[in-house]
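The values are calculated or read from the model by the stated rules, or taken from the named source; none is laboratory data. Source: prediction; values computed, not measured. Neighbour counts are summed over all protein chains in view; Cβ atoms, including those assigned to glycine, are modelled from backbone coordinates with ideal geometry. Keep in mind that these areas ignore ligands, DNA and RNA; they rest on the heavy atoms of the full protein, side chains included. Shrake-Rupley method; radii C 1.70, N 1.55, O 1.52, S 1.80 Å.
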Amino acid sequence: MPTYETNIRPTPSQIVEHPRITVIGTGYLGATHAICMAVLGFDVLGVDVDERKIAALRAGTVPFFEPGLQEQLVAALDSGRLSFTTDFDQAAQFGDVHFVCVGTPQAKDSAAADLTFVVAAFEALATRITRKALLVGKSTVPIGTAARLTELVAEVSPIGRELELAWNPEFLREGFAIEDTLHPDRLVFGVESAWAEQQLGAAFRPILDDGTPLIVSDLATAELVKVAANSFLATKISYINAMAEVCEATGADVNLLATALSHDSRIGGRFLKPGLGFGGGCLPKDIRAFAHRAQELGVGQAVAFLHEVDDINNRRRVRTVDLIRELAGGDLAGKRIGVLGAAFKPNSDDVRDAPALDVARMLYLEGAVVRVYDPEANANAHRAYPDLEYSDSMNHAVTDADVVALLTEWDEFREAEPAALGALVKARRIVDGRHALDVDAYRADGWEFRALGRPAQPRTAALAVDARDERPALSA
Ligand code: UDX
């Protein structure tokens, strides 16, 4: 529930019904938010300290891979409603509602989140804004940050507490960024006054009018929703991957297990897909920062399980290397491994904490000759790990391979013909790190096929077919 007195309503004149919007930080979240707000009909100014990023966006180029976003950027620029700048004075003058979308990476020396960019953005705006306006944090932050920032803003702002602050967490998934921004499952407004609630409501009017559920809360709850949601999702993935470990010790099949569990509507099939586990710029760092913050707050024990969630996830990477080594005959030195996938998930070029690339790196460290192919992430992967070899095509990556490892489940890999791949490799051996391939089709073509949590030996054909026919979609 809101903590303010709801009977004190602001007069309508104090609410800007069609607010001008700034978006500070034009990375993944900020660029998407800025473009989508312009698509919804608002006048939007995107702001970043990175001149190159701003120049690219002005020229109509999205500096990362996200399906559909490029077209929407061009349309928004053409509409005249979207522009970009590096000038904070201009931003302060322009905006009625300012969204702060800068990054909160994991700190270099601990599990905590690095808040340098968030604090800098709030300070840069607060020292410059001279009329009533709303600052809205969207970045994922440790609980208590918004309260701290409220005090900072009041201290440095020329208009003091007239400049208000709200928190509005973002839940967008890479690969579905536009859909998740324009049609979110819910909106969360963390506010301290009726004015802030109504002003934020005006900024989201088209989405609210669509019937999107709105939860209005205090600042701390709004901050917590984001990390609690990501912790839950990470826990669900690690849960099924922990079951995969048990399957490996017993000869049970984690795929069939996940299918059986997913039919229980209390459990559901989403985020229950076993395999190489989670990575990316959010889930891993968010659960670590959450555990760290909970410890600081004296409630570390309440989320101690998140350390185990992280450990289970990391063990999947090590275990995948074990499977590949096993298939390679027990020693990886000098063996040629064709690695399919580098991004942390398909339809993304993001390699931050990518399980695929981590496995490729471990193989390389054991002396394997690793050739990586990813449809979109090769360039980013090369920057992160220049020592690995990169291929421009799937066929090139698997040519003469002793073992093929599918590590990110792009459609291109799912749809590959086992016979066509088989003609290129040195030996028909494959590890399916994402449970994405048709095991029977590969085995029928003479491939030795291994996957985490699945028995090494084929089941009888009849049983396997029955189970597959019943299987609902498990992925997000
Ligand atoms: C996530 C959250 O979904 C989003 O709400 C939040 O705002 C940011 O973090 P994203 O990082 O884009 O989004 O990726 P997501 O689709 O959630 O996948 C995360 C990782 O989990 C990927 O590496 C994916 O391969 C893995 N995953 C997902 C599984 O291993 N199994 C699953 O069942 C689902």
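For (1) farther than 27 Å from residue 29 by Cβ; (2) within 13 Å of the ligand (Cβ to nearest atom); (3) hydrophobic (A, V, I, L, M, F, W, C), each residue gets a yes or a no:
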{"position": "234", "(1), (2), (3)": "no, yes, yes"}
{"position": "256", "(1), (2), (3)": "yes, no, yes"}
{"position": "298", "(1), (2), (3)": "yes, no, no"}
{"position": "317", "(1), (2), (3)": "no, yes, no"}
{"position": "328", "(1), (2), (3)": "yes, no, yes"}
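Yes/no per residue for (1) open to solvent by 50 Å² or more (accessible area, probe 1.4 Å); (2) part of a helix (DSSP H, G or I); (3) assigned by TED's automatic domain parsing to the domain that holds residue 435:
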site: 245; (1), (2), (3): yes, yes, no
site: 249; (1), (2), (3): yes, yes, no
site: 267; (1), (2), (3): yes, no, no
site: 270; (1), (2), (3): yes, no, no
site: 281; (1), (2), (3): no, no, no
site: 287; (1), (2), (3): no, yes, no
Self-check item: In segment 326-349, the residues that are under 23 Å from residue 428 (Cα atoms) and either assigned to a loop (DSSP other than H, G, I, E, B) or open to solvent by 60 Å² or more (accessible area, probe 1.4 Å) (or both)
Solution: 326, 328, 329, 330, 331, 332, 333, 334, 335, 336, 341, 342
Exercise. Only one of these is in contact (Cβ under 8 Å) with a residue 40 or more places away in the chain, away from the ligand (no atom under 15 Å from the Cβ) and touching a Ser or Thr at 6+ places or on another chain (Cβ under 8 Å): 251, 269, 175, 190. Name it.
Key: 190
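Can residue 254 be described as surrounded by fewer than 19 Cβ atoms within 10 Å (Cβ to Cβ) and more than 30 Å from residue 64 (Cα to Cα)? Let's see the steps before the verdict.
Numbers: surrounded by fewer than 19 Cβ atoms within 10 Å (Cβ to Cβ): no; more than 30 Å from residue 64 (Cα to Cα): yes.
Spelling it out, it is not the case that residue 254 is surrounded by fewer than 19 Cβ atoms within 10 Å (Cβ to Cβ) and more than 30 Å from residue 64 (Cα to Cα).
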Quiz prompt | Output for segment 406-437, where each listed residue is out of contact with any strand residue (DSSP E or B) (no Cβ under 8 Å at 6 or more places or on another chain) and under 21 Å from residue 318 (Cβ atoms) | solution = 409, 435
Practice problem: Could you name every one of the strands (runs of 3 or more DSSP E) located completely within segment 33-106 that has at least 1 residues being among the polar types (S, T, N, Q)? | Solution: 82-85
Quiz item: How many residues are away from the ligand (no atom under 13 Å from the Cβ) and basic (Lys, Arg) if we restrict to segment 272-296?
Solution: 2
Quiz prompt | Where a residue in segment 370-397 is over 17 Å from residue 354 (Cβ atoms) and in the same structural domain as residue 357 (by TED's automatic domain parsing) and its partner, wherever it lies, is modelled with pLDDT under 95 and not small (Gly, Ala, Ser), with Cβ under 8 Å and at least six apart | solution = none
Quiz item: Which residues, taken from segment 394-436, are within 16 Å of the ligand (Cβ to nearest atom) and either modelled with pLDDT under 95 or not in a helix (DSSP H, G or I) (or both)?
Solution: 405, 406, 407, 408, 409, 410, 431, 432, 433, 434, 435, 436
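Name the single residue, out of those in segment 111-154 being part of a loop (DSSP other than H, G, I, E, B) and more than 21 Å from the chain's Cα centre (by Cα), that is farthest from residue 24 (Cα to Cα).
For segment 111-154, the residue satisfying everything is 144.
Residue-by-condition table, conditions (1) open to solvent by 20 Å² or more (accessible area, probe 1.4 Å); (2) touching a residue at least 40 places away in the same chain (Cβ under 8 Å); (3) within 16 Å of the ligand (Cβ to nearest atom):
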residue	(1), (2), (3)
102	yes, yes, yes
117	yes, yes, no
121	no, yes, no
131	yes, no, no
135	no, no, no
153	no, no, no
184	yes, no, yes
209	yes, no, no
Practice problem: Confirm whether residue 371 is open to solvent by 40 Å² or more (accessible area, probe 1.4 Å) and either modelled with pLDDT of 95 or more or among the small types (Gly, Ala, Ser) (or both). | Solution: no
Quiz prompt | Flag for residue 351 being modelled with pLDDT of 95 or more and either closer than 27 Å to residue 249 by Cα or touching a Phe, Trp or Tyr at 6+ places or on another chain (Cβ under 9 Å) (or both) | solution = yes
